[in-house]
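Notes follow once the structure below has been shown.
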Amino acid sequence: MVESSQNENIEILTYSEVEEVSGYIGNFDVRIRKKARLVDMKKCTGCGTCYQKCPVKVPSEFDMETGMRKAIYIPFPQAVPNVPVIDKVNCRMFTKGKCQICQKLCQAEAVDYEQEDEVIEDKFGAVVVATGYDLFDASVYGEYGGGRFKDVISGLQLERLISPAGPTGGHIVRPSDGKEPKNVVFIQCVGSRDPEKGFPYCSSVCCMYTAKHAVLLKEHIPDVQTNIFYMDIRSAGKNYEQFVQRTMEQYGALYIRGRVSKIYQRGDKLIVKGADTLAGSQVEVEADLVVLATAITARHDSKELAKILGIPYDQFGFFTELHPKLAPVETVTSGVFLAGACQSPKDIPDTVAAASGAAVKVAALFSGDFLSMEPLVSTIDTSVCSMCKACMEVCPYNAIQEEEITLRDGTKKKQLKVLESVCHGCGACVSTCRSSCIMLKGMTDEQIFEELMAVAQ
Amino acid sequence: MIYQLNADVRNFGKTISQLSDVDIYTCYQCGKCTAGCPIVMEMSHTPNQIMRLIQLGLKEDVLNSLTPWLCAACETCTTRCPKGVDIAKIMDTLRILARKEGYQSKEPNVVNFNDIFLNCIKDKGRLQETHLAMVYNLKTRQFFKDADIGRKLFMKGKISLSSDKIKGTDAMKSIFERSRAFLGKGE
Amino acid sequence: MEETKWEPKVVGFLCHWCSYAGADLTGSSRMEYPHNIRIIRVPCSGRIDPMFILRALQNGLDGVLVSGCHPGDCHYQSGNFHARRKFAVTRKLLEYVGIEPERVQFSWVAASEGPKMAQVVKEFVEGVRKVGPNRLFKDERKDGE
Amino acid sequence: MAYGYYPGCSSHGTAKEYDISTKKVCERLGLKLEEVLALALPFRNLVLAEKQGLDSIMSTCSACYNRLKVAHETLKRAPEILNRISEIVGEPYNKTLKVIHFLDLISKEFGVEKIKESVMKPLTGLKAVSYYGCLLTRPPELVSIDPDAENPTIMEEIIEALGAETPYWSHKTECCGASFALSRTDIVLRLTNEILKAARFADADCIVVACPLCFANLDMRQSQIASKYGVNYSLPVLFISELMGIAMGMGYKELGIDKHIVSAKDLLKGKE
Amino acid sequence: MSRIGVFICHCGVNISSTVDVEKIAEELAKEDGVAFATEYKYMCSDPGQKIIKDAIKEHNLDGIVVASCSPRLHERTFQLCIEAGGLNRYKLEMANIREQCSWVHKDKEFATEKAKDLIKMAVAKVRKNQPLTRFSIPVFKKALVIGGGIAGMQASIDIAKAGYKVTLVERTPTIGGRMAQLDKTFPTLDCSA
């Protein structure tokens, strides 16, 4: 984090969103909306007085709602940049029209309720998409309480409870009563490998982070017992399997092969009813805390970004790579690359590898001043073209555009042209053209007819 | 025990899949059915074991198992199965197949009850609880089973020794006959 | 050619990204399929003009197979949707002209579906074999010659 | 428009009071019922109700409701099965019926808010847990009377409208083993014991049910459970219609509550 | 009249065991427009490529057909080869007689006939091939990275270290993403900040 913020080649725009991308490889025109923070980044000194004194408390997104934040806040103490932002939805100035406590207390006079969004337009040669993932909402599992039980939490919530910078200062306690849990149940594949309530795919990281949780719990609470309901242990990664084995052998985690059918509350305990398919029996655990390994899902709005970028996505909303094996970080749109879990669930080593891969693709692209392009593109014979524009409709890349030319006699005329650098050579326009005036270089109708003649002889 | 797995290992599974319209091979043995089944402790095999035995083509073990006969049809398994396998329907299919092929259930009482239940509907048009309980007790030779409850119910006026006459019982009998003819079974 | 020795001759228009790659995989997996097919590579099923199909049949070929990426998988995003729409119309037209539907088949084969490609070709060629040689344009052509 | 009422098998036997109280409550609420005195064959009942010119068929028994609803939904989705069964039963079915349960009638057709207006003696202080069992909610895509099949609240909403409390409890959709009522009574006793135990744990004054089968097991078997498991719960079990009747000011005997094996007399003292 | 050169590859025995390459080469040499036809054990090898380059000069060829494996494998190889031999690289067509012929058929007679058809089709097509020139476009050397989590940060750092400008756009008020929410990471349990 710090490294990326200190590199002089990197400009960081936080609280910002990409709104529009046009152009093509080497030449993308991008519009970015820098949302109003309502705090002047240049003036703010990061002293923290504003959020200490802010009277509005709301659940913290960063802490997965295990803790609270203020209406003016930084998500966590080490945030980069260390400049607060005002959450308009909850700030009293915006809900009730009065308060101004933060503004009054800010000695740097950085709080500015009038600040407006800023729109930045810039040109880029390449785009790396690294938008990450969302977590599956386990409340669809009515049998696990449907979100009603306070002590049934997600893995990422546990992560915040373990964190020294988290809401409990790193003390692992039950959200319901603040007591230290002694018997903890982990349930794997919640939303993963479950086509009925979740997704059919494996989220790829849960087996490992659950093992890690079991280890960390044991380190924090020496007399804790961890019980892990799993279907298969997927530990394909360097040193992963050894880690899982250590979790069982040295950290005393009990792995139970089976799913859980129901969780219910009895007093301050959670009764977990599962199966042990290896023993061929039911298992009942009286737990203090239940941690669900919720699935990694595509960002809820990934499809909108995909449309902005002109890249495809799969049925789950993950962006699709050009080739699953040979071009895993490239997309069908040249110059747009993928990194990390926006493509599919990935762990950190895979994410970092993919990010470096994408970076190398960008660097390779930038290594020359010009880019040599395949000439197998469409051309239009404008003398025959009837301007029906059917080709423009079928072109997936908007490579066909209307231009106005001035004829020799001075009159102006509209005609269509193919932007060679944008055209991918699919030929959809050719077979759509009603007046047969578009030709795909290297694959003309005539050539195909010749081939047919040759084979028919 | 050693299972002998031959080239026709999938035949039984395919038969069951066909009869039940539930793809038996969708089951990936997660055990959630077993985890939620209220009757598991009385069963000879857990529900997921039954699914596994079908996948392994072990027809004898499956059709001789107590499990299908002890399924309460509460559908907890079906409701929560992550793969959408209708396990309750598989159990239903197994009961029908076992009877058709002449397997002796080790839960004769359940079989008796089911028979008497259907006969009662056939003869009386609807379930007559007293009639059902009495015939059942006679047939299973448990003459005084639940007699205490019966006495209490009688005192409360909830059971009587005569039964309601419902119109259309003749129609009912013919429906039973027609469905038998349709299913092509003599039982 | 004697009737007993007749072997159908068909062409397949395969898109470069999915079906052609799928056919390559059939090959590298050494899966056999009927020799009767000659494959023409096109960038995308969206490139295929109904005229190609018509011309192939006019030239006396016994059948035309068109195969592209699965719906939603098109390398060019939407080419196969356009193709699908076009083929639906083409098929109707061909039927109207009197071409047996067996002669013109469309399928979706992904790059990873080597076995499916073999199966598709097998079924297609069998279908064409059943309806026999394509004579519809034969006499017409002779007249023209 | 009258609602078709299919009383099922138990309403004239072990669950007479359910029948009585349902009719009384509906009368009070102005809901007209027209009895479909029919056979225990789901499809034929649908046909009969349709013939009677009804546009809905309401059942008080969750087993009957379940079977009718499954039959109706299946036939709606699979025309080939419909044809086959029509052949067997010898009557066509036009699938125009609405299959509902008594709870649907009260909560969705009549409306929970309006129930409040009819309450004359709010059941203040009464802690009631509601028991749905398996048949009212499963399979969820076909029958569930509540969008949340795992945590249905439709009965709770009615009970709260009557002024009573509905504490959390864990066993609202657990199975009581009703299909083994006679053949494997041991299983029923074990499962019923679990349910009663959970209700006791939730500190409930009574269990509210909407099904004669659930009622039969929970009410009748308590003495057997006492001798087998050594716990005498003496926990009254009430039909939802009875509870409504009481809140509407009807009498204990009038509603037939005196017919219960576990007496609810002390519980309802001063409330009627 | 065009002067096409046809080069048929044995691919070791991958092709030649099912396709009678010698026979086809002989027959194709007689085809209209074909100026030269030959076969060789490995066309993609250096000696194989030399045969093509030499033949272009010797026979003054204006179009090349290589009958070998899938163009998905070696189209670029042979494009560069004929370019080195003095021809425009788009004057090449390939006939896929391995993946889509010798590997999928067993009957040598039929496979040979099919291979010949495939080559004839390629010859027919290459006759109409136009010499094309690749075109170039300028590259604006600044990268946009969308997402400030571990992936976005890593990509930004790597691009920046390569000496290029990067703009990192993050939707939330801070960079760090999911990674910043984690305490320690497996399997080494080091801290994630």
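The values are calculated or read from the model by the stated rules, or taken from the named source; none is laboratory data. For clarity, every value in this text was computed on a predicted model and none was experimentally measured. Backbone-built Cβ (ideal geometry, glycine too); neighbour counts: all protein chains shown. Just the protein is used for accessible areas: all its heavy atoms, side chains included, with ligands, DNA and RNA removed. Shrake-Rupley method; radii C 1.70, N 1.55, O 1.52, S 1.80 Å.
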Conditions: (1) surrounded by 16 or more Cβ atoms within 10 Å (Cβ to Cβ); (2) within 10 Å of another protein chain (Cβ to nearest Cβ); (3) closer than 26 Å to C:Glu32 by Cβ. E:Glu109 meets all but one. Number of the miss? (1)
Subset tally (residues that are touching a Cys at 6+ places or on another chain (Cβ under 7 Å) and either of a type in the set (Ser, Thr, Tyr) or not assigned by TED's automatic domain parsing to the domain that holds D:Leu218 (or both)) for the range D:101-140: 1
Of (1) open to solvent by 10 Å² or more (accessible area, probe 1.4 Å); (2) away from chain B (no Cβ under 12 Å), D:Ala78 fails just (2)
Filter the range A:161-208 down to residues that are over 29 Å from B:Val85 (Cβ atoms) and either assigned to a helix (DSSP H, G or I) or not assigned by TED's automatic domain parsing to the domain that holds A:Ile228 (or both), then give me how many there are. 2
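Quick grid of which residues meet (1) without any contact (Cβ under 8 Å) to a residue 60 or more places away in the chain; (2) within 34 Å of the chain's Cα centre (by Cα); (3) over 24 Å from A:Met64 (Cα atoms); (4) open to solvent by 30 Å² or more (accessible area, probe 1.4 Å):
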residue	(1), (2), (3), (4)
A:Gln265	no, no, no, yes
A:Asp268	no, no, no, yes
A:Ile296	no, yes, no, no
A:Ser302	no, yes, no, no
A:Ala306	yes, yes, yes, no
Kindly provide the set of residues from the range A:358-396 that are in a helix (DSSP H, G or I) and in contact with a helix residue (DSSP H, G or I) (Cβ under 9 Å, 6 or more places away or on another chain), ordered by number. A:Ala358, A:Ala359, A:Val360, A:Val362, A:Ala363, A:Phe366, A:Ala390, A:Cys391, A:Met392, A:Glu393, A:Val394
If I filter the range A:396-407 for residues that are in contact (Cβ under 8 Å) with a residue 24 or more places away in the chain and open to solvent by less than 20 Å² (accessible area, probe 1.4 Å), do I get at least one hit? yes
Which number in (1) surrounded by fewer than 22 Cβ atoms within 10 Å (Cβ to Cβ); (2) in contact with a strand residue (DSSP E or B) (Cβ under 9 Å, 6 or more places away or on another chain) marks the one condition that D:Phe110 misses? (2)
Subset of the range A:221-247, residues open to solvent by 10 Å² or more (accessible area, probe 1.4 Å) and within 10 Å of another protein chain (Cβ to nearest Cβ), comes to A:Tyr230, A:Asp232, A:Ser235, A:Gly237, A:Lys238, A:Asn239, A:Tyr240, A:Glu241, A:Gln242, A:Arg246
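From E:Lys23, E:Lys50, E:Lys41, grab the single residue that is open to solvent by 10 Å² or more (accessible area, probe 1.4 Å), basic (Lys, Arg) and free of Cβ contacts under 8 Å to residues at least 24 places away in the same chain.
E:Lys50
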I'd like the full set of residues that are assigned to a strand (DSSP E or B) and touching a residue at least 60 places away in the same chain (Cβ under 8 Å), limited to the range E:67-104. E:Ala67, E:Ser68
Suppose we filter A:Gly274, A:Gly317 for residues that are of a type outside the set (A, V, I, L, M, F, W, C), open to solvent by less than 10 Å² (accessible area, probe 1.4 Å), out of contact with any Cys (no Cβ under 6 Å at 6 or more places or on another chain) and not assigned by TED's automatic domain parsing to the domain that holds A:Ser203; which single one remains? A:Gly317
Answer yes if at least one residue in the range C:43-63 is within 7 Å of another protein chain (Cβ to nearest Cβ), under 21 Å from E:His105 (Cβ atoms), of a type in the set (D, E, K, R) and open to solvent by 10 Å² or more (accessible area, probe 1.4 Å), and no otherwise. no
Got at least one residue in the range A:86-99 being assigned by TED's automatic domain parsing to the domain that holds A:Gln52, touching a residue at least 60 places away in the same chain (Cβ under 8 Å) and either closer than 24 Å to A:Ile12 by Cα or open to solvent by less than 60 Å² (accessible area, probe 1.4 Å) (or both)? no
Looking at (1) within 14 Å of chain E (Cβ to nearest Cβ); (2) open to solvent by less than 50 Å² (accessible area, probe 1.4 Å); (3) of a type outside the set (Gly, Ala, Ser), can you tell me which one A:Lys325 breaks? (2)
Picking from D:Ile207, D:Ile187, D:Ile261, D:Ile195, which residue would you name as being within 14 Å of chain B (Cβ to nearest Cβ), surrounded by 18 or more Cβ atoms within 10 Å (Cβ to Cβ), at pLDDT 95 or above and at negative phi? D:Ile195
Of all residues in the range E:161-179, which are in a helix (DSSP H, G or I), surrounded by fewer than 23 Cβ atoms within 10 Å (Cβ to Cβ) and either in contact (Cβ under 8 Å) with a residue 24 or more places away in the chain or at the interface with chain A (Cβ under 7 Å from one of its Cβ atoms) (or both)? E:Arg178, E:Met179
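Go through the residues of the range A:147-160 one by one and say whether even a single one is part of a loop (DSSP other than H, G, I, E, B), touching a Pro at 6+ places or on another chain (Cβ under 8 Å), within 14 Å of chain D (Cβ to nearest Cβ) and among the basic types (Lys, Arg).
As a first pass, look at the range A:147-160 and keep what is part of a loop (DSSP other than H, G, I, E, B): A:147-151.
Retained after the next criterion (residues that are touching a Pro at 6+ places or on another chain (Cβ under 8 Å)): A:150-151.
Still in the running and within 14 Å of chain D (Cβ to nearest Cβ): A:150-151.
Then drop every residue that is not among the basic types (Lys, Arg), which leaves A:150.
Within the range A:147-160, one or more residues are part of a loop (DSSP other than H, G, I, E, B), touching a Pro at 6+ places or on another chain (Cβ under 8 Å), within 14 Å of chain D (Cβ to nearest Cβ) and among the basic types (Lys, Arg).
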